[in-house]
Amino acid sequence: MDELKQAIVPTYIQSLGLEGSLELWVPAHEDDSINEVEAEEQNFDCESILKGELIAFDSGVFTRKTNLFPRCVHWNVFKNQTLVLSEVSLKKDSTSIPSFNIRIHFPSQLLKNCVTFGFDDEKDELSLFVITSTRVLYSIQLKPEWFLSSNPTVDEGWCTCYRPPSFLTKSPSHATGVDRSSLFVTFISGGLVKLNKSLNNDQIREEHYHDSRYMASIRHYLTLQAFKDEYRPPNSIVSMAYNHRYHYLLTLSMDHTLKIWNSLNGVLLENISFEPLPVQNSNALSYLSIDSSTQSYVSVYHPNDTHGYFSLYKFELDQDDGSFLNLSPIVTKITPPNLPDDEYLPWTLLKTSLICLDEDNKHFSLFLAWKSNLHAVVQRAEIVPNIDQTAKVLWKTTKKNTVTNFDKFSFDIPTTISFGDVSEIWIDNLLKNKYISPESLQLAFLCYQKVNPYTSKSKMDSLLSASINELMKEITTMIIGSVPVQPEFGSSSFDYPAYRQTLYNEWERFAKLTLYLDSFGNELLNIEVDSNSKNTYVCYASKIGVLRQPVNIEYLDGDLISNMLQLPEMKAPDLVSGYQLLDLACSLLNCLPSAILLEIRFSLQELVKNPASYSVFDTLWIFFDKYIYPNVNPDHLKSLAESFASRDNPIADIKSLLDYLKGFPERSVRFSYTPFFSLALSNTLITVLGSLQTSLEALIFLLSTASSQQDVQLEQKVIGSDEIFLDLLDKWKKVSFFAATFNLPLEFVDIDCSEVGDRTLQSNLGIISHLNSPFEILATFFCRENELNNQSSALEISIKSFVSRLLENSSSSQMISEAFEKLLLLKQYNACSALLSWLGFDSICQYLKATTYLGSKEIQKSVYHFKHANLNVNKSEISERPLLKQYVDTAQKYSLDCHLSSYYLHVSKLLSTEGACVDALEFSLMADSLKGTDVNLASDIRRQLFVTSCASSKFDTAYSTLLLMKDKKEKSDALNKFVKQLAFKGKLFRLIDYSMPSLQDEVDSILEKRSFQMIDVRSQPCWYNVLYSWRLKNQNYRDAAAIIYEKLSRLLSLDGFKKDQETEILENYLIVLNALKLLDHEEAWMLVTDVSKLTNGNEQQYFPQKLVTLDNVSMEYEAHLQNIAREVTAQISSAATIDF
């Protein structure tokens, strides 16, 4: 029997990639006895929070047609009277991406099996029915926008409540929805009723089926059996299913009677009685399910003294009018195989689900959910019926879910800190198990705080809003703070080994508590099959899983290797031998202590990150001599060597095994994924990567052992081991790189779609915003080619395609750099900084390192790697890179022999955008020195050289570049920027040092315009003074005097002019006089702007001018001097009259 695997995602806001919750409170019915949830006491109650808020007691998944949103809704019922709904589609069928879940609060407890949805494949709006313990029916209309916004519009009539008459005397047991306005309800005491809402939703009408009227309930209470605990009458319905295609209702009662009703008119179509069988387990009840795909087949479960059996039936219809004829048997008996620990555990069937995969060939899948205490198993039967009512059945099953094995969390304390800190390793071990819900970590954190007097106390509400990384920081601080550092006995130094051991013990306590609390969420509650995608959802108390087939590497687990060897493709002797060698290698790996494994992985990382300094065989020998020989029994090593030597060609067997594990998708199509798909995929992939990483390490150790033995026969067998060792090391590097991205936090940054060169990233930025780690992003985008056929789900094929890419023969540098590039396009600079050591030393990797440092504001490191990149645009691997698209598009405009110059120009522009102007200028100069004869390139380099020179205050270089510009408009614009930058840097007077051949008039115009635009002529820089100096330098004495005279006129016209500024006035008069006296007396005149005639507030169309001569200025100067003299004399006279 083959094994089934699951992709599991905790039902937590952040685990599901959601932004938050929409909180709704239903209106209480007048007869509803409100049972308020007990308020949180001052003393923390771990059990009440666990059972009331974190662990659901009922759950399920409702699916619809592919063109509706929401399409797959997962619902959980909690004991704190809350119903939580989340969208969990694996395939994106609409443009809507869910960002919120919905939490609906009720005034009383919800009944188990009494949450159901009304079937409607025409509207996006959902119809939901809920029955509470106070026998009140709530009808709720859920709008799709409620899953998209935190503050949507909620209509007044979104929820209506009813108390049907039947609920007054009977307790509902099951409910199943028919459509938006009706549902069927069964009762514990027997009976069946159809409830129909009126058109205006103000009342509800009952249609009674199956002895459910008032008198029937009275007769029930007249029997003595009715007063026994947990008594259910023979006519009590234990299973019910509705056929939406034919409008048939199927019921199965305690007396083993199957009834088929026409829900349109209430007519009983058929009554089938099954022979009762002896049952050992009193909880074992009959169960039925309708094929969710075609709605044409029914499976019935018959319990007996073992595990019961199943029968398969078909709806037979009249070919003329389509009326019901009968329910004909297809397969009479399908017996499930033995369950784990069959002789000790009382297994009970919880739920079945049937789906027809191929109606023409009658190929079915039957899913069974078994439950026993806290254990659960899911089975899948592939059924192909025969003509004689027998069937060919292939069974597959999941492992029995129990408390997570603690052995895989524990480890030996590392001998040195370089191999990992104790807290870091514990955090890594806990976070890598994504099946552990964040709620379990939060609750363990609060419990630990309660019993530890050294830690501060937190509340659950504050933790729910914290991210998983913030939570782990709080946990780490708490545990480290609870461990005191004690000095060694008789010494003043600290006993560090004892501290590390105590710290390890505290982490161990916390991890055990977390795993124990998380085990309560492993209770199996439901199983549903999506008829559209054929995916099977498994609902747990705090998680949701999706069934999948295992990939090849996962078969190396316990006894599964024997099952793997029975597969048809494993008949090849080399594959069988390869798997046996892998089994031997894993046995060698299991002999090594965890501390030694940490050291080995550290050494392997150093080996793949840095160029090798030894030969391959020397490296293999060092690994064996340093790590394997001191830690493994010599007899075991001898046995391994003998087994290796007994193979005809062990190296070829290992190659064949790697090729088989790689696999190859025969046909793939594009698949639009959802955030839930990405989360389920990444949670599964990290487990697969762990198995793959371990297997590759085991094969490396096996090669090291075989190559280090002094045996002539063995030496012939290890020929070619150097090549396979390098190949294994390269594959191990790829696997380890992706594993290293798993626990890295994701930065939430605003990304402009136009800046992302990757079209796939552009179209899925909405998905990315819902993911939690770089690994989830990379796993999604490396698996976007999915879904082979109806027999394989997109999840399975995505995992296979990812493993295939990891094990393909291409260099690890290419795949790692491609992953790195995607993270850089999404501006995940912190994650890239943590992963820099995994990059190689080729030009693309150097460029990626430089871009990472540039994004992290480490400019000097960025410049160093940019200089070592030297990209060549002519290489095909560069032209295909989205991150280099801007460079490629620019470089292709220039001649091919100028690629290095165009690269330096590109880097200069990148550095300029980050404000590294000096370094940008350096690259501009490098580009200018290599520009060649390309005219366009030379022009672009001059433009960039001018910009970087100005920005870095290298004005001499900027001036030289300005003079080389040939385009008149470009030169004019550059001149404006040059003058503006001089003023910005406070070096405007340096403009006088430049002669500006052929540009004097443009400079004069710029300075004159800026002078007139001055609001206050006393401010700095004073453009009037600069323009005066410029004109004086160019011997334009008349205009030089005119501009200072204009400044003088504006000074005198200021309202806030003070007498203490007379010195400045006199100095400006003298400057004007000196400039005019440089001219002949007949030429000593000037035209100046008449400031007194300027109008304020309106834009000037022309500037009034007036003629001023040297004599006029002299007269004004003398008059001003006389005014000053009179004022000084008046002040002296006033002071002399004071009587001291």
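Only one of the numbered conditions (1) closer than 22 Å to Leu685 by Cα; (2) in contact with a strand residue (DSSP E or B) (Cβ under 9 Å, 6 or more places away or on another chain); (3) modelled with pLDDT under 85 is violated by Asn563, and that is (1).
All told, Arg1018 meets the bar of being within 25 Å of Met1115 (Cα to Cα) and open to solvent by 60 Å² or more (accessible area, probe 1.4 Å). Checked against the criteria, Pro107 does not count as within 20 Å of Pro152 (Cα to Cα) and part of a loop (DSSP other than H, G, I, E, B). Restricting attention to the range 59-112 and to residues that are under 21 Å from the mean Cα position of the chain (by Cα) and of a type in the set (Ser, Thr, Tyr), the residue that is most open to solvent (accessible area, probe 1.4 Å) turns out to be Thr95. Going by the conditions given, is Asn281 modelled with pLDDT under 85, under 51 Å from the mean Cα position of the chain (by Cα) and open to solvent by less than 60 Å² (accessible area, probe 1.4 Å)? Criteria met by Asn281. When we screen Ser998, Ser953, Ser929, Ser939 for residues that are open to solvent by 30 Å² or more (accessible area, probe 1.4 Å) and on the phi < 0 side of the Ramachandran plot, the only hit is Ser929. Which ones in the range 311-326 are crowded, with 20+ Cβ neighbours inside 10 Å and touching a residue at least 60 places away in the same chain (Cβ under 8 Å)? Within the range 311-326, Leu312, Phe315 qualify. Kindly evaluate Leu1048 against the criterion of being under 27 Å from Pro1104 (Cα atoms), among the hydrophobic types (A, V, I, L, M, F, W, C), open to solvent by less than 50 Å² (accessible area, probe 1.4 Å) and part of a helix (DSSP H, G or I). In short, yes.
Take Leu905 and tell me if it is in a loop (DSSP other than H, G, I, E, B) and among the aliphatic types (A, V, I, L, M). No: the conditions fail for Leu905.
Scanning the range 598-617 for residues that are within 25 Å of Leu835 (Cβ to Cβ), in contact (Cβ under 8 Å) with a residue 12 or more places away in the chain and not basic (Lys, Arg) turns up Leu598, Glu599, Ile600, Phe602, Ser603, Leu604, Gln605, Leu607, Val608, Pro611.
The single residue among Lys827, Lys800, Lys822 that is over 29 Å from Ser691 (Cα atoms) and of a type outside the set (Val, Ile, Thr) turns out to be Lys827. When Thr1063 is tested against the conditions (1) loosely packed, with under 12 Cβ neighbours inside 10 Å; (2) of a type outside the set (Lys, Arg); (3) modelled with pLDDT of 85 or more; (4) closer than 24 Å to Tyr1037 by Cα, the lone failure is (3). Picking from residues in the range 916-955 that are under 17 Å from Lys985 (Cα atoms) and small (Gly, Ala, Ser), the one that is farthest from the chain's Cα centre (by Cα) is Ser953.
Within the range 837-868, being surrounded by fewer than 20 Cβ atoms within 10 Å (Cβ to Cβ) and touching a His at 6+ places or on another chain (Cβ under 9 Å) holds for Phe841, Ser843.
Of all residues in the range 891-910, those being farther than 27 Å from Ser833 by Cβ and either touching a residue at least 24 places away in the same chain (Cβ under 8 Å) or crowded, with 19+ Cβ neighbours inside 10 Å (or both) number 10.
Being modelled with pLDDT under 90 and open to solvent by less than 10 Å² (accessible area, probe 1.4 Å) is the requirement here; does Ala920 meet it? So Ala920 fails the test. Residues in the range 153-200 that are more than 18 Å from Thr251 (Cβ to Cβ), of a type in the set (A, V, I, L, M) and not in a loop (DSSP other than H, G, I, E, B): Leu168 alone.
The set of residues from the range 976-1030 being of a type in the set (D, E, K, R), touching a Ser or Thr at 6+ places or on another chain (Cβ under 8 Å) and at pLDDT below 90 comprises Lys985, Lys987. In the range 1104-1124, the residues that are open to solvent by less than 70 Å² (accessible area, probe 1.4 Å) reach residues that are among the basic types (Lys, Arg) and at pLDDT below 85 with C-beta atoms within less than 9 angstrom, at least six apart or across chains, in these pairs: Pro1104/Lys1093; Ile1124/Lys1059. Residue selection: Tyr614 fails the criterion of being modelled with pLDDT under 85 and within 28 Å of Ser804 (Cβ to Cβ). For residues that are surrounded by fewer than 20 Cβ atoms within 10 Å (Cβ to Cβ) and basic (Lys, Arg), scanning just the range 1021-1043, find the one that is farthest from the chain's Cα centre (by Cα). The extreme case among them is Arg1038.
If you take the residues in the range 814-836 that are at pLDDT below 90 and assigned to a loop (DSSP other than H, G, I, E, B), which one is most open to solvent (accessible area, probe 1.4 Å)? Checked the range 814-836; the qualifying residue most open to solvent (accessible area, probe 1.4 Å) is Lys827.
Mind telling me which of the residues Val73, Val77, Val61, Val84 ends up being at pLDDT 90 or above and in contact with a Lys or Arg (Cβ under 7 Å, 6 or more places away or on another chain)?
Exactly one residue qualifies, and that residue is Val84.
Taking the range 203-268 as the region of interest, the strands (runs of 3 or more DSSP E) fully inside it that hold 2 or more residues being under 46 Å from the mean Cα position of the chain (by Cα) and either modelled with pLDDT of 90 or more or among the hydroxyl-bearing types (Ser, Thr, Tyr) (or both) are 237-243, 248-253. Contact map, the range 1032-1052: residues that are within 17 Å of Val1003 (Cβ to Cβ) and touching a residue at least 40 places away in the same chain (Cβ under 8 Å) paired with residues that are open to solvent by 10 Å² or more (accessible area, probe 1.4 Å) and assigned to a helix (DSSP H, G or I), Cβ distance under 6 Å, separation 6+ or inter-chain. Pairs shown: Lys1033/Ile992; Asp1039/Arg1031.
For the subset of the range 375-398 comprising residues that are hydrophobic (A, V, I, L, M, F, W, C) and over 30 Å from Gly521 (Cβ atoms), which member is farthest from the chain's Cα centre (by Cα)?
Restricting to residues being hydrophobic (A, V, I, L, M, F, W, C) and over 30 Å from Gly521 (Cβ atoms), the top hit is Ile387.
Could you please let me know if Ile992 is touching a residue at least 12 places away in the same chain (Cβ under 8 Å), open to solvent by 10 Å² or more (accessible area, probe 1.4 Å) and aliphatic (A, V, I, L, M)? Yes: the conditions hold for Ile992. Name the single residue, out of those in the range 697-742 being open to solvent by 10 Å² or more (accessible area, probe 1.4 Å), aliphatic (A, V, I, L, M) and over 38 Å from the mean Cα position of the chain (by Cα), that is modelled with the lowest pLDDT. Residue satisfying both the conditions and the ranking: Val712.
The values are calculated or read from the model by the stated rules, or taken from the named source; none is laboratory data. These figures come from a predicted structure and were not determined experimentally. Cβ atoms come from the backbone with ideal geometry, glycine included; neighbour counts cover every protein chain shown. With ligands, DNA and RNA removed, areas are computed over all heavy atoms of the protein, side chains included. Shrake-Rupley method; radii C 1.70, N 1.55, O 1.52, S 1.80 Å.
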